[in-house]
Amino acid sequence: MRMVIAAALLTLCSCASDSSVTTIRFMAMGREAEVIGDLIAEFEHENPDVRVDVQQIPWIAAHEKLLTAFAADALPDLCQLGNTWIPEFAALHSLEPLQPYVDASSTIDANDYFPGIWATNVIDDKLYGIPWYVDTRLLFYRRDLLAQAGYDHPPQNWAEWEQQMAAIKRVRGDRHYAVMMPVNEFEQLLSFALQQSEPLLRDGGTRGNFESTGFRRALAFYARTFAEGWAPPMSQTQISNVWDEFFNGLFVFYVSGPWNIREFRKRAPQGLEASWATAPLPGPEALGAGIAGGTSLVLFRSSQHKAQTWKLVEFLSRPQIQERFHAAIGDPPPRRSTWNLPGLAQDPYAGAFRDQLERVKPTPKVLEWERIVQEMRLTSERVVRGGEAQDAAVRELDARVDGILEKRRWMRERDEHIARSP
Amino acid sequence: MKKSLAGWAFAGPALIVLGLFFGVPVLEAFCLSFSDFDLYALADWRNLRFTGLHNYLDLLQTPLFWKSLGNTFYFVVVGVPLSIAISLGAALLLNSAAARVKGFFRTAMFAPVVTTVVAVAVIWKYLFHTSYGLVNWALAHFGIGAVDWFGNPHWAMPTIILFAVWKNFGYNMVILLAGLQSIPQDLYEAARIDGASRWRQFLHITLPLLGPVLMVVGVITVSGYFQLFAEPYVMTQGEPLQSTVSVLYFMFDEGFKWWNLGRASAVAFLLFAIILAVTALLLRFGRKRDLL
């Protein structure tokens with residue numbers, strides 16, 4: 001028996017020491033892992049000494065899987081990371097700082113990336129990820145129905161949007177709505193909140209800032225659309241098929257993300273193909289900010305093959321490759337030069353996304369953010385559906401968020417104390 | 001060699017394994033439940049704090065904890081009696097003199113117990129699919145409109161209960177069948193001579209003599225059903241509207257989604273206390289009725 005184990009160990013060793021071909025492990029999620037095959041094959045063709053082992057993990061299990069891998073010291077070389085998770089993995093000291101790699105790179109130029117997206121990868125002045133694709137929310141709207149209400153262009157600011165929604169409601173009547181913002185989604189209110197000048201957290205991300213005038217203004221605008229009857233207080237599950245309803249005219253504006261371009265194209269009924277369009281989000285005064293979502297490519301500090309892995313990051317960041325990736329999956333690319341390629345420059349629906357991407361803003365970079373944003377959504381649902389007073393709601397929200405951030409506050413005070421003591 | 005020493009020598013290996021892989025982790029988890037072990041502590045041990053009973057007190061003020069407790073009680077209160085009733089019914093059928101090919105039916109009804117949850121869940125998801133599921137197709141023949149079994153907050157838990165009962169009733173059935181077979185036949189003969197109906201025989205012979213076995217089955221099922229996790233995890237992920245979040249699911253989320261291992265450990269010990277209390281009550285009830 002012992003002989004067998006020894007022999008097995010020997011073979012294992014001989015595999016590991018075979019240095020002519022390096023295998024790098026790449027964890028990709030959901031559909032991304034499925035469509036990336038062709039690109040990986042091309043990369044391997046260009047780099048015969050590197051083999052890429054793509055591991056597909058479903059999105060719903062990704063977070064647990066990665067944290068467990070961290071605890072077990074089994075992280076891959078490369079991973080696509082939702083950019084709100086970067087602060088978390090940076091706090092664990094598991095990410096490789098990438099600035100030196102970028103400085104030496106001829107393919108990756110920070111100035112070519114949309115600044116808001118790039119900023120999501122920078123934690124405490126250190127760069128930890130290279131944006132791979134982006135995600136944001138903006139307006140999908142029915143041009144014909146908006147024209148029926150007397151407007152030939154989408155709204156430029158909140159005041160104009162409110163006028164348009166009121167006009168639509170007058171024209172379309174009680175059983176129809178002006179805008180659809182599912183109450184089980186946080187992205188709409190978060191977009192409005194990011195359009196304000198005040199940050200969402202204060203004191204270095206250790207306290208909630210939801211009682212600020214900025215957030216109150218965003219919440220008031222959001223709540224008003226429901227109070228006036230412009231938006232139905234429904235969650236996504238209550239509308240059986242949001243695309244059908246959009247083309248039935250249940251609502252005129254729909255605040256949603258890039259994947260819906262493909263869906264609306266596919267599902268538009270005959271005669272309505274040209275009836276819809278996309279537009280950047282209106283802000284309080286002019287066109288406003290949006291969420292800087294998306295995923296980034298990160299290298300793990302534990303990787304033994306950083307140089308080869310970085311080659312793959314550079315390969316996947318080439319504009320031509322990004323264009324092909326976009327064609328396969330529909331996620332908007334993060335580089336301006338990719339947008340200038342004909343495939344994207346000529347897409348009438350994608351244009352609004354490019355415009356919006358110039359104005360996206362990162363959310364606070366604390367690892368508790370996902371919990372905080374869930375609290376924010378629950379608060380907005382209580383205001384919209386439960387009729388809670390907005391004053392009390394933001395006070396309570398701040399109290400809850402302060403509770404979530406208690407540990408951060410304690411750590412910060414301790415570190416300051418240590419820094420002060422001689 | 002002393003007798004006791006030989007005993008220890010035989011039990012030793014098992015005790016060491018149990019102690020190492022069960023005792024120590026339980027003790028560790030108990031200690032963790034009084035700390036705020038989280039991601040920050042995972043990154044750096046100096047970020048770990050002893051927080052006393054804070055996790056426990058905080059949980060009692062967490063709405064989702066109460067909601068998950070409510071969901072779990074719903075599952076136990078409906079699922080356990082239903083499961084035992086179906087097991088008993090199946091055992092009676094198998095035990096009846098009129099039954100043919102008993103071996104086949106016994107195996108068929110036990111089969112769900114030994115299949116994996118995930119594989120079976122995939123099939124059930126197809127069966128209960130809103131638009132092309134067999135169940136809705138059958139209901140449509142009776143003029144009942146499509147039910148969104150896993151998407152409607154009112155139907156999700158009943159569907160999970162149905163799934164769990166179907167999956168597990170075979171286990172109890174086998175135990176009850178053994179219990180039924182140990183009831184002496186002459187009692188039934190005497191009852192028949194006295195002119196007792198089948199129902200009276202069941203009520204006055206089968207049930208009382210099956211009492212102790214039912215008690216055991218009840219305790220096992222209750223403690224098992226309180227630990228509901230795999231079914232909602234593979235079928236609904238706690239949705240819709242958190243209507244299928246069980247206590248263990250809540251613990252899993254706290255522990256492995258948010259990585260608050262301190263809080264998650266506290267949930268585990270609270271659940272342990274609840275199961276202990278409920279089974280103790282059951283046993284007391286059993287002793288009072290002389291079932292044990």
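Every number in this text was worked out from the coordinates using simple rules, so none of it is lab data. All of these numbers come straight from a predicted model, not from anything done at the bench. Glycine also receives a Cβ, built like all others from the backbone with ideal geometry; neighbour counts cover every protein chain displayed.
List of remarks:
- If you wrap segment A:164-233 in the convex hull of its Cα atoms and look at it from every side, the mean projected area works out to 5.2 nm².
- Relative contact order of segment A:268-383, pairs being alpha-carbon contacts under 8 Å that are 6 or more residues apart, as %: 33 percent
- Here segment B:98-203 is treated as an ellipsoid with the same Cα gyration tensor; its semi-axes, largest first and in whole Å, are 38, 18, 13.
- Inter-label distance for B:Asp44 and B:Leu57, nm, one decimal - labels placed 7 Å from Cα along Cα-to-Cβ: 2.8 nm
- Using a Gaussian network model of chain A in which every pair of alpha carbons under 10 angstrom is joined by a spring, one finds that among A:Arg400, A:Arg207, A:Arg265 the greatest mean-square fluctuation is at A:Arg265.
- Gain in span if fully extended, A:Ala399 to A:Ala159, counting 0.36 nm per residue against the direct Cα distance: 83.3 nm
- Segment B:66-125 shape via C-alpha gyration tensor axes, a/c threshold 1.5: oblate
- Rounded to 10°, Cα long-axis angle of helix B:63-95 versus longest principal axis of chain B: 30 degrees
- Helix A:390-404 vs. chain A, principal-axis angle (Cα, 0 to 90°, nearest 10): 10 degrees
- Three principal axis lengths of segment B:53-288 [C-alpha, angstrom, descending]: 66, 49, 29
- Relative contact order for segment B:53-288, counting Cα pairs under 8 Å that sit 6 or more residues apart, in percent: 29 percent
- Amide hydrogen proximity for A:Met234: with H placed 1.01 Å from N in the peptide plane, the residues at 5 or more positions away or on another chain lying under 5 Å are A:Val183.
- Fully extending the segment from A:Arg267 to A:Asn111, taken as 0.36 nm per residue of separation minus the present Cα-Cα distance, adds 52.4 nm.
- Here each label is just a point 7 Å from Cα along the line to Cβ, and for B:Val278 and A:Lys65 those points are 3.3 nm apart.
- When DSSP beta bridges are restricted to pairs lying wholly in chain A, around 60% turn out antiparallel.
- Extent along the principal axes, Cα only, for segment B:53-159: 60, 37, 25 Å, with the longest axis given first.
- Whether segment B:222-264 is rounded, prolate or oblate, judged on the alpha carbon gyration tensor where a/c under 1.5 counts as rounded: oblate
- Residue-by-residue Karplus 3J(HN,Hα) for segment A:75-88, coefficients 6.51, -1.76, 1.60, Hz, glycine and proline x: 5, x, 7, 9, 8, 8, 10, x, 6, 7, 8, 4, x, 5
- Taking amide hydrogens as placed 1.01 Å from N in the peptide plane, the amide H of B:Ser35 sits under 5 Å from those of B:Thr51, each at least 5 positions away in sequence or on another chain.
- Under the Karplus curve 6.51 cos²θ - 1.76 cosθ + 1.60, θ = phi - 60°, whole-Hz ³J(HN,Hα) for segment B:249-261, x wherever Gly or Pro sits: 5, 4, 4, 4, 4, 4, x, 10, 8, 9, 6, 8, 5
- Phi to ³J(HN,Hα) by Karplus 6.51 cos²θ - 1.76 cosθ + 1.60 over segment B:12-29, Hz, x for Gly, Pro: x, x, 5, 5, 5, 4, 4, x, 6, 9, 10, x, 4, x, 5, 4, 4, 4
- Rounded, prolate or oblate (a/c below 1.5 giving rounded, otherwise prolate when a/b exceeds b/c) for segment A:303-368 by Cα gyration tensor: oblate
- For segment A:201-304, the Cα-based Rg and Dmax, in that order, read 18.9, 59 Å.
- The translational diffusion coefficient of chain A, from Stokes-Einstein at 4 °C and 1.567 mPa s with a Kirkwood hydrodynamic radius over alpha carbon pairs, comes to 55 µm²/s.
- Compactness of segment B:1-77 - radius of gyration and Dmax, Cα, Å: 19.8, 60
- The protein assembly as shown: antiparallel DSSP beta bridges as a percent of all, rounded to 5: 65 percent
- Charge sum, other residues only, whose C-beta stays under 15 Å from A:Gly351's C-beta, Lys/Arg counted +1 and Asp/Glu -1: +2
- Label-point separation in nm, A:Glu416 to A:Asp144, each point 7 Å along Cα→Cβ: 6.0 nm
- Label zone at B:Ser96, where the point sits 7 Å out along the Cα-to-Cβ direction: segment B:173-216 residues whose backbone N lies under 13 Å: B:198-199, B:202
- Computed across segment A:288-338, the Kirkwood radius stands at 12.7 Å (inverse of mean 1/r, all Cα pairs).
- Pair-distance distribution of the protein assembly as shown: all C-alpha pairs, bin width 20 Å, starting at 0; shares per bin in whole percent are 13, 40, 33, 12, 1, 0.
- Summary value for chain A: 25 percent relative contact order, contacts being C-alpha pairs under 8 angstrom separated by 6+ residues.
- Over all other residues within a Cβ to Cβ distance under 12 Å of A:His305, the charged ones net out to 0, with Lys and Arg as +1 and Asp and Glu as -1.
- Rounded to the nearest 10 degrees, the inclination of helix A:2-17 to the longest alpha-carbon principal axis of chain A is 70 degrees.
- Estimated FRET transfer efficiency (A:Gln304, A:Ala104; beta-carbon r; R0 25 Å; 0.05): 0.80
- Neighbours of A:Arg382, meaning other residues whose beta-carbon lies under 11 angstrom from its beta-carbon, give a summed charge of -2 when Lys and Arg score +1 and Asp and Glu score -1.
- Amide hydrogen proximity for A:Leu95: with H placed 1.01 Å from N in the peptide plane, the residues at 5 or more positions away or on another chain lying under 5 Å are A:Arg301.
- Listed from fewest to most Cβ neighbours within 10 Å, the set A:Arg170, A:Arg420 follows the order A:Arg420, A:Arg170.
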